[in-house]
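Laboratory data are not the source of any read-out in this text; all were calculated from the coordinates shown. For clarity, every value in this text was computed on a predicted model and none was experimentally measured. Using ideal geometry, Cβ is built from the backbone for each residue, glycine included, and neighbour counts are taken over all protein chains shown.
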Amino acid sequence: MECRDIRCPVHGGNAPRGINLTGKVVSDKAKRTVIVETDFAKYVYKYERSLRKRSRIPAHNPECINARTGNVVNISETRRMSKTKSFVVTGIVK
Ligand SMILES: [Zn+2]
């Protein structure tokens with residue numbers, strides 16, 4: 001299938017820059033957008049322990065990658081594409 005998505009990092013003009021993250025797709029309901037959940041540990045100095053946290057990041061899902069719920073994906077920061085979306089899926093890990 002030919003990819004004609006102008007926001008695709010490979011076939012369009014949407015160069016990734018900034019931070020790269022890996023996370024799990026928890027929602028693919030929106031068209032060409034997925035919600036990616038990432039786990040990270042935040043250290044709390046007061047209690048000298050780390051706290052597990054989660055963040056949900058809306059990311060653009062190009063047609064040529066087509067990530068689905070349950071996939072583990074790499075995402076990269078890119079230009080802002082909408083009010084909440086400024087990440088793009090760059091590949092499926094598994
Ligand atoms: Zn593409």
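Details
- Restricting attention to region 69-80, the residues being touching a residue at least 40 places away in the same chain (Cβ under 8 Å), in a loop (DSSP other than H, G, I, E, B), out of contact with any Pro (no Cβ under 7 Å at 6 or more places or on another chain) and over 17 Å from Lys29 (Cβ atoms) number 1.
- Within region 21-42, the residues that satisfy the criterion of being more than 16 Å from the ligand (Cβ to nearest atom) and surrounded by fewer than 13 Cβ atoms within 10 Å (Cβ to Cβ) are Lys29, Ala30, Asp39, Phe40, Ala41, Lys42.
- Whether a residue is part of a loop (DSSP other than H, G, I, E, B), away from the ligand (no atom under 16 Å from the Cβ) and surrounded by 10 or more Cβ atoms within 10 Å (Cβ to Cβ) was assessed, and Gly18 passes this test.
- The single residue among Glu77, Glu63 that is in contact with an Asp or Glu (Cβ under 6 Å, 6 or more places away or on another chain) and closer than 18 Å to Cys8 by Cα turns out to be Glu63.
- Residue among Asn61, Asn71 that alone is away from the ligand (no atom under 16 Å from the Cβ), polar (S, T, N, Q), under 19 Å from Val93 (Cα atoms) and buried (at least 16 other Cβ atoms within 10 Å of the Cβ): Asn71
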